[in-house]
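What follows is a short report on a single structure.
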Amino acid sequence: MGPIRSTQLNLHKERRLWLIESVCFQMQEEECVNGDGEDLDAFLANLSKVSNSRERASQLFQWLINPIPAKSFFRETWEKKPILVQRKNPDYYKGLFSTAEFDRILRQEDVQYGVNLDVTSYTNGTRETHNPPGRALPFTVWDFYESGCSLRMLNPQAFSSTVWNVLSILQEQFGSMAGANVYLTPPGTQGFAPHYDDIEAFVVQLEGKKHWRADIGKPILEVVLEAGDLLYFPRGFIHQGDCLPDAHSLHVTISSYQKNSWGDLLQKVVPVALEIAMEEDVEFRQGLPLDYLTYMGVQNSDKDDPRRTKFFSQIECLMKKLTNYAPVDAAVDQKARDFLHDCLPPMLTPEESGSSVRGAPARWERGQVMDAGAHITTQTRVRVLRAGCARLCSDGEAVHLYYTTDNSRVYHKEELKSFEIKEQHTDAIEFLIHSYPKFVTVGSFPCDSAEDRIALAELLFQRGIIHTAEPL
């Protein structure tokens with residue numbers, strides 16, 4: 001009897017098929033700069049002046065992995081092998097997050113054990129979680145830390161505007177949710193057992209230093225990360241980190257590409273393709289051979305039986321025919337809706353805020369409402385707020401516009417946002433989406449009348465999906 005294949009995903013085994021080598025980039029101190037030597041706040045401020053959000057995402061990702069060119073990273077490293085960047089500049093990532101920020105969040109925000117914070121330890125081969133119920137307050141959290149426990153903040157983007165800003169930009173680079181966890185580890189301790197993840201991980205060392213090992217059955221990487229360094233792990237690599245005795249460690253792991261494989265797409269394609277094929281193709285509805293149970297199945301897998309060959313041939317034929325019924329675009333739209341639900345809302349630049357509904361001048365002043373109404377005309381120039389903030393999808397009966405601008409910073413706190421689009425407005429929505437990053441006049445919308453064009457623009461403006469070239 002042949003072995004029955006386990007359903008557990010052992011992703012790390014995939015890596016044995018590839019030539020593995022860790023690459024180390026070492027930079028001289030004078031080379032280790034954000035952009036042209038500016039700090040992170042200044043870099044992000046300059047980045048906000050980049051009009052095209054796709055270009056903004058590209059520049060931010062290049063900053064993250066500098067000096068590795070992004071094109072060569074995605075061609076040679078992405079999903080293939082770990083890579084290490086040693087910068088000898090502890091301030092390279094300064095401003096992204098800090099232990100002081102960790103403390104501020106504990107004091108000022110509603111941080112809940114198990115939801116926002118995990119307290120963990122790993123000693124003598126045993127991993128333990130020590131989460132009490134309720135809110136995580138500094139008195140208890142820092143006592144855990146002093147006792148040798150690691151602290152993991154699960155969604156720092158909900159509390160840190162800088163982390164939110166960085167992730168909301170990077171998600172456009174990946175076309176997939178960008179998430180983060182922050183890990184604070186006391187000197188001489190380890191918080192987690194060796195493990196592998198189902199995400200692409202960028203380990204950003206913020207403070208102190210940490211000893212890392214990675215393997216795929218044999219060690220392939222062993223290094224000490226210091227502040228300003230970066231370590232990238234593809235999904236499936238077993239890794240572990242421990243603190244050296246002389247320093248604490250604070251790092252943030254930026255992650256993406258979870259459930260974003262061809263297999264994940266096919267999980268959406270194949271069931272629907274089968275349903276369509278069985279409805280439209282009589283060959284899929286033909287009965288199985290009367291005696292197929294006598295020669296097929298695991299207990300018969302070692303038999304040399306021509307009926308088995310014929311059976312497999314028929315399966316292969318049907319699988320090939322199945323592609324003719326595969327609703328690939330509809331499945332991609334399903335993936336897109338999932339992505340839009342996962343997305344962080346965009347953190348608006350000052351210019352985007354001032355030219356969108358969030359910065360509209362309507363207000364209460366001197367006992368009355370001032371500047372109410374959108375004041376949009378056919379001459380108003382507009383565009384979608386970000387390249388990937390909205391998507392038009394059809395379920396076969398109605399067309400909906402899905403969008404991210406009203407999402408929460410807390411993962412899936414809100415339902416997926418959408419509203420139905422009138423059939424006569426679908427061309428105009430596609431026109432707007434495809435025109436980005438250009439601004440177009442409302443009068444150029446392919447609608448039946450000027451009233452229709454203005455009504456659609458006002459609706460999109462009110463939902464925060466478009467903004468104007470000049471503040472209203």
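The values are calculated or read from the model by the stated rules, or taken from the named source; none is laboratory data. What you are looking at is a predicted structure, and each value in this text was computed from that prediction instead of being measured. Positions of Cβ are backbone-derived with ideal geometry, glycine not excepted, and every protein chain shown enters the neighbour counts. What goes into the accessible areas is simple: the full protein's heavy atoms, side chains included, and nothing from ligands, DNA or RNA. Shrake-Rupley method; radii C 1.70, N 1.55, O 1.52, S 1.80 Å.
Number of residues in segment 105-159 that are within 16 Å of Tyr183 (Cα to Cα), in a strand (DSSP E or B) and not polar (S, T, N, Q) equals 10. None of Glu172, Glu226, Glu222, Glu207 is open to solvent by 40 Å² or more (accessible area, probe 1.4 Å) and without any contact (Cβ under 8 Å) to a residue 12 or more places away in the chain except Glu222. Inclusion of Thr185 among residues that are open to solvent by less than 20 Å² (accessible area, probe 1.4 Å) and touching a Cys at 6+ places or on another chain (Cβ under 7 Å) is warranted. Taking the condition modelled with pLDDT of 95 or more, touching a Lys or Arg at 6+ places or on another chain (Cβ under 6 Å), hydrophobic (A, V, I, L, M, F, W, C) and over 22 Å from Phe237 (Cα atoms), does Ala158 pass? Taking the combined requirement at face value, the residue satisfies it. The residue that is nearest to Tyr93 (Cα to Cα), counting only those in segment 217-239 that are part of a loop (DSSP other than H, G, I, E, B) and among the hydrophobic types (A, V, I, L, M, F, W, C), is Ala227. Scanning segment 106-145 for residues that are open to solvent by 90 Å² or more (accessible area, probe 1.4 Å), of a type in the set (S, T, N, Q) and farther than 22 Å from Ala247 by Cα yields a total of 1. For segment 312-362, the candidate set comprises residues that are free of Cβ contacts under 8 Å to residues at least 60 places away in the same chain and in a loop (DSSP other than H, G, I, E, B); within that set, the residue that is surrounded by the fewest Cβ atoms within 10 Å (Cβ to Cβ) is Ala362. Taking the condition more than 36 Å from the chain's Cα centre (by Cα), among the acidic types (Asp, Glu) and open to solvent by less than 70 Å² (accessible area, probe 1.4 Å), does Glu365 pass? In short, yes. The residues on offer are Trp164, Trp212, and the sole one that is hydrophobic (A, V, I, L, M, F, W, C) and outside any strand (DSSP E or B) is Trp164.
Being over 26 Å from the mean Cα position of the chain (by Cα), modelled with pLDDT of 95 or more and hydroxyl-bearing (Ser, Thr, Tyr) holds for only one residue in Tyr145, Tyr122, Tyr92, and it is Tyr145.
Scanning segment 184-242 for residues that are closer than 21 Å to Val141 by Cα and touching a helix residue (DSSP H, G or I) at 6+ places or on another chain (Cβ under 7 Å) yields Leu184, Pro186, Glu207. The residue pairs whose first member lies in segment 283-311 and is open to solvent by 70 Å² or more (accessible area, probe 1.4 Å), whose second member is outside any helix (DSSP H, G or I) and modelled with pLDDT of 95 or more, and whose beta carbons are closer than 7 Å, counting only pairs six or more residues apart or on different chains, are Lys303/Tyr295; Arg307/Tyr295. Within this structure, Ser418 fails the test of being in contact (Cβ under 8 Å) with a residue 12 or more places away in the chain and more than 17 Å from Lys335 (Cα to Cα).
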